[in-house]
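Engineer: Sending over a structure as C-alpha cells; questions will come in a sec.
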Amino acid sequence: MSTHTITKVHGRRVWDSRGRPTVEVEITLDDGSEGRAIAPAGASTGSGEATDRRDGGTRLGGMDVSGVVASIDGEIADLLRGMDADDQTAVDRGLIDLDGQADKSRLGGNALVATSMAVAHAAAGPEPLWRHLGGTEQLGMPLPEIQIFGGGAHASRRVDLQDFMVVPIGAPDYSTALEWTAEVYLAAGRLLSGRGDLQGVADEGGYWPAFTGNEQAVEMLVRSIEGAGLIPGTHMGISLDVAASEFYRDGLYYLASEDRSLDADGLCEMLLDWVDLYPIVMIEDPLVEHDRDGFIAFTKAVGDRIQIVGDDYLVTNSARVEAAALDGACNAVLVKPNQAGTLTEAREALLAAQASGFGAIVSARSGESEDTTIVDLAVGWGAKQLKVGSITRGERTAKWNEGLRIAEKLPNGGALPDPANFPWGRTS
Ligand code: PGA
Ligand code: ZN
C-alpha cells in the first residue's frame, strides 16, 4: 500500500494582499506528511481563465468564500480521501471532472488551485517542493521580472498601462538581480519624491505616481535605472504589461491618463516606437485578448528582438499556446497556475511553450499571500523567468526571498539562465 495516501483535506478562509478573503487548503497523508497552499486572485483577468467561486450576496462585497471552504471540506475531501498524492495527474483530473465545467466555476478555480498545490506540497513530504518536482534535473534560478511602477486596474487607472517593470538582463546571478532591482526602486523613489509626484503604491507594490501619461512612466523608468548607476539595456531591460483588454472599448483603446483614443494600429505604432526609443525587452498583452491578427502582426514586427508575452491572450492554456505558436502570435507565455486551475494544466501550458520554442514566465497574481508555491514551480519545472510584482510588500518579498534561499542550495549558486535563451541575448 502506498504511504502517500490522502487521509485528510481541510479548507480554511484566509486573507489576501488586497484584504479580500481567499481559500487555503491543508492536505494530510497517511504517513503524517502535510501540505498547504493558498489561492491567489487576479484583477485584470482574461475571459478564458478558470473562474473563482465566491459567495455573492452582501457580506465582504460578495467576495466571501465560506461556500468554497464548505465544498473543500465536503465533496473535494470525499473525492481525494484515499487517493495517492504522488499521482498529481489523477488528483487534478479528478478535480476537473468533479467540477464538470469548462471554466471550473462550480467548485471554483480558487478551490481547485489551492487543493492541487497543497497536494503537491504534501507529496513532497519533508523535501522542498522545487526539489521534489525537479528530481535529478540540473536546476537553476529563473530571471526575475520586477515591477517598479503600477498602473491600470491595479492603481485606479492613474496611468493606463498596468506594469512598468525591470528585467536584470545583465545580472550574473539571482541575488545580484534583486540587489540591482532594489537600487532602481530606491532611485525611482528619490526621483519621484523630488518631483512631488509620489502618490502611494499600487496593488503589487510598485509606486503609483502622478504621471502625466504612459510614456512619462517609461522615461522615468529609464532615469531610475540610470539613477541606480546601471546601464539601461545592458544591465537592466524594461518590460511592460500593457494589459490592453483593460482599456479597450468598442474597437478603440482609450488612454484615460492622456484623454485620447487609439485604434489597434495606433496603439501598435506607439509601442513599436517605444521599442526603438527605450531599452524594452518584453511587452505583455499589447492588444485586446481577442485580436489574433493584431498579435500576429505585432509579433512579426518585433518578435525577433523582444519577448511578446501572452497573458490574457493565452490564459495558461496549452492548446492556446500551441495555436499561437502555429500562428506566430506571441513568443512567450505567462504561466499562472490559477488561470489554468490545476498544476497539471499549468504544467501542460509550460511544456507546450518549451516544445514550441516559446519563453515561459511563471507568474503570481495581483492578489497574493505569503504562499510561495510559484517559486517552487518555477525552479522545479525549469522555467527560465519569474514575475511576482514589485520588490516591496510582504506577499512579494515572501517569494523573492524564498528564491534567495533556494539559490543557496543550487549547485550553480543561483546563476541566471544564459542570455542566449532570450531574444535580447541572441541579437546583441
Ligand atoms: P492580475 O495581474 O493578477 O490582476 O491579472 C497580473 C498580470 O496581468 O500579469
Ligand atoms: Zn498581465
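The values are calculated or read from the model by the stated rules, or taken from the named source; none is laboratory data. All of these numbers come straight from a predicted model, not from anything done at the bench. Note that each Cβ is placed from the backbone with ideal geometry, even for glycine, and that neighbours are counted across all protein chains shown. Protein only, heavy atoms only, side chains kept; ligands, DNA and RNA dropped before computing areas. Shrake-Rupley method; radii C 1.70, N 1.55, O 1.52, S 1.80 Å.
Engineer: Within the range 215-244, count every residue that is surrounded by fewer than 21 Cβ atoms within 10 Å (Cβ to Cβ) and either within 16 Å of ligand 2 (Cβ to nearest atom) or hydroxyl-bearing (Ser, Thr, Tyr) (or both).
Structural biologist: Residues that pass the stated criteria total 1.
Engineer: On to the next question. Could you list, in sequence order, all residues of the range 389-410 that are among the basic types (Lys, Arg) and either within 23 Å of Asp311 (Cβ to Cβ) or crowded, with 21+ Cβ neighbours inside 10 Å (or both)? Walk me through it before giving the result.
Structural biologist: Pass one, the range 389-410, residues among the basic types (Lys, Arg): 393, 396, 399, 405, 409.
Correct list: Arg393, Arg396, Lys399.
Engineer: Do you know which residues across the range 266-297 are surrounded by fewer than 16 Cβ atoms within 10 Å (Cβ to Cβ) and within 14 Å of ligand 2 (Cβ to nearest atom)?
Structural biologist: none
Engineer: When you check Gly294 against the structure, is it more than 16 Å from ligand 1 (Cβ to nearest atom) and under 24 Å from Ala177 (Cβ atoms), yes or no?
Structural biologist: Working: more than 16 Å from ligand 1 (Cβ to nearest atom): yes; under 24 Å from Ala177 (Cβ atoms): no.
Judged against the criteria, Gly294 is not a match.
Engineer: Still on this structure, please answer the following. What helices (runs of 4 or more DSSP H) lie completely within the range 30-117 and have 2 or more residues being without any contact (Cβ under 8 Å) to a residue 12 or more places away in the chain and within 16 Å of ligand 1 (Cβ to nearest atom)?
Structural biologist: Values: elements: 66-71, 77-80, 88-99.
Where helices (runs of 4 or more DSSP H) fall fully within the range 30-117, none carries at least 2 residues being without any contact (Cβ under 8 Å) to a residue 12 or more places away in the chain and within 16 Å of ligand 1 (Cβ to nearest atom).
Engineer: Could you count how many residues in the range 349-373 are hydrophobic (A, V, I, L, M, F, W, C), without any contact (Cβ under 8 Å) to a residue 40 or more places away in the chain and under 23 Å from Gly206 (Cα atoms)?
Structural biologist: Let us first name the residues in the range 349-373 that are hydrophobic (A, V, I, L, M, F, W, C), namely 349-353, 355, 358, 360-362, 364.
When the remaining residues are screened for being without any contact (Cβ under 8 Å) to a residue 40 or more places away in the chain, the result is 349-353, 355, 358, 360.
Among the residues that remain, those that are also under 23 Å from Gly206 (Cα atoms) are: 360.
The qualifying residues number 1.
Engineer: Identify all residues within the range 323-339 that are touching a helix residue (DSSP H, G or I) at 6+ places or on another chain (Cβ under 6 Å), aliphatic (A, V, I, L, M) and open to solvent by less than 10 Å² (accessible area, probe 1.4 Å); write none if there are none.
Structural biologist: Ala329, Val333, Val335
Engineer: Among the residues of the range 369-388, how many are assigned to a loop (DSSP other than H, G, I, E, B), closer than 24 Å to Arg20 by Cβ and open to solvent by less than 10 Å² (accessible area, probe 1.4 Å)?
Structural biologist: Of all residues in the range 369-388, those assigned to a loop (DSSP other than H, G, I, E, B) come to 369-372, 381-384.
If we keep only those that are closer than 24 Å to Arg20 by Cβ too, we end up with 369-372.
Now restrict to residues that are open to solvent by less than 10 Å² (accessible area, probe 1.4 Å): 369.
Qualifying residue count for the region: 1.
Engineer: Next question, about the same structure. Yes or no: Ala187 within 16 Å of ligand 2 (Cβ to nearest atom), assigned by TED's automatic domain parsing to the domain that holds Gly237 and on the phi < 0 side of the Ramachandran plot? Let's see the steps before the verdict.
Structural biologist: Details: within 16 Å of ligand 2 (Cβ to nearest atom): no; assigned by TED's automatic domain parsing to the domain that holds Gly237: yes; on the phi < 0 side of the Ramachandran plot: yes.
No; evaluated as a whole, the condition is false for this residue.
Engineer: Does Ala349 satisfy the criteria of being within 16 Å of ligand 1 (Cβ to nearest atom), modelled with pLDDT of 95 or more, part of a helix (DSSP H, G or I) and not charged (D, E, K, R)?
Structural biologist: Details: within 16 Å of ligand 1 (Cβ to nearest atom): yes; modelled with pLDDT of 95 or more: yes; part of a helix (DSSP H, G or I): yes; not charged (D, E, K, R): yes.
The answer is yes for Ala349.
Engineer: Hey, could you check the range 27-46 for residues that are of a type in the set (Ser, Thr, Tyr) and over 16 Å from the mean Cα position of the chain (by Cα) and say which is nearest to Ser116 (Cα to Cα)?
Structural biologist: Initially, the range 27-46 is screened for residues of a type in the set (Ser, Thr, Tyr), giving 28, 33, 44-45.
If we keep only those that are over 16 Å from the mean Cα position of the chain (by Cα) too, we end up with 28, 33.
Values: Thr28: 13, Ser33: 15 Å.
Among residues in the range 27-46 that are of a type in the set (Ser, Thr, Tyr) and over 16 Å from the mean Cα position of the chain (by Cα), the one nearest to Ser116 (Cα to Cα) is Thr28.
Engineer: When you scan the range 258-291, how many residues do you find that are over 23 Å from Asn421 (Cα atoms) and within 16 Å of ligand 1 (Cβ to nearest atom)?
Structural biologist: Looking only at that region, the number is 3.
Engineer: Going by the structure shown, is Tyr248 under 18 Å from Leu272 (Cα atoms), within 25 Å of the chain's Cα centre (by Cα) and among the hydroxyl-bearing types (Ser, Thr, Tyr)? Give the derivation first.
Structural biologist: Working: under 18 Å from Leu272 (Cα atoms): no; within 25 Å of the chain's Cα centre (by Cα): yes; among the hydroxyl-bearing types (Ser, Thr, Tyr): yes.
Answer is no for this residue.
Engineer: So, of the residues in the range 411-424 that are in contact with an Asp or Glu (Cβ under 8 Å, 6 or more places away or on another chain) and at pLDDT 95 or above, which turns out to be surrounded by the most Cβ atoms within 10 Å (Cβ to Cβ)? Working first, answer last.
Structural biologist: Keep residues of the range 411-424 that are in contact with an Asp or Glu (Cβ under 8 Å, 6 or more places away or on another chain), which gives 413-416, 423.
Narrowing the set further to residues that are at pLDDT 95 or above leaves 414-416, 423.
Details: Gly414: 19, Ala415: 15, Leu416: 25, Pro423: 20.
If we take residues in the range 411-424 being in contact with an Asp or Glu (Cβ under 8 Å, 6 or more places away or on another chain) and at pLDDT 95 or above, then Leu416 is surrounded by the most Cβ atoms within 10 Å (Cβ to Cβ).
Engineer: Further question: Tell me the residue from Asp293, Asp265, Asp259 that is under 27 Å from Asp197 (Cα atoms) and of a type outside the set (Gly, Ala, Ser), please. Steps first, answer last, please.
Structural biologist: On the way: Asp293 fails: under 27 Å from Asp197 (Cα atoms); Asp265 fails: under 27 Å from Asp197 (Cα atoms).
None of the other options fit; the residue is Asp259.
Engineer: Separate question: Of the conditions (1) open to solvent by less than 30 Å² (accessible area, probe 1.4 Å); (2) under 18 Å from the mean Cα position of the chain (by Cα); (3) within 16 Å of ligand 1 (Cβ to nearest atom), Asp160 satisfies every one except a single condition; which number is it?
Structural biologist: Going through the list (1) open to solvent by less than 30 Å² (accessible area, probe 1.4 Å); (2) under 18 Å from the mean Cα position of the chain (by Cα); (3) within 16 Å of ligand 1 (Cβ to nearest atom), Asp160 breaks only (2).
Engineer: So, one more: Among Ser363, Ser356, Ser318, which is hydroxyl-bearing (Ser, Thr, Tyr) and under 11 Å from the mean Cα position of the chain (by Cα)? Outline the logic, then answer.
Structural biologist: On the way: Ser356 fails: under 11 Å from the mean Cα position of the chain (by Cα); Ser318 fails: under 11 Å from the mean Cα position of the chain (by Cα).
The match here is Ser363.
Engineer: Give the range 321-348 a look and list any residue that's without any contact (Cβ under 8 Å) to a residue 60 or more places away in the chain, under 23 Å from Val242 (Cα atoms) and touching a Ser or Thr at 6+ places or on another chain (Cβ under 9 Å), or say none. Working first, answer last.
Structural biologist: Taking the range 321-348 and keeping what is without any contact (Cβ under 8 Å) to a residue 60 or more places away in the chain, we get 321-330, 332-335, 346-348.
Still in the list and also under 23 Å from Val242 (Cα atoms): 321-325, 327-330, 332-335, 346.
Across the range 321-348, the qualifying residues are Val321, Glu322, Ala324, Ala325, Asp327, Gly328, Ala329, Cys330, Val333, Leu334, Val335, Ala346.
Engineer: Right, here's the next one. Going residue by residue through the range 39-55, is there one that turns out to be open to solvent by 20 Å² or more (accessible area, probe 1.4 Å), at positive phi and not aliphatic (A, V, I, L, M)?
Structural biologist: No, because not a single residue in the range 39-55 is open to solvent by 20 Å² or more (accessible area, probe 1.4 Å), at positive phi and not aliphatic (A, V, I, L, M).
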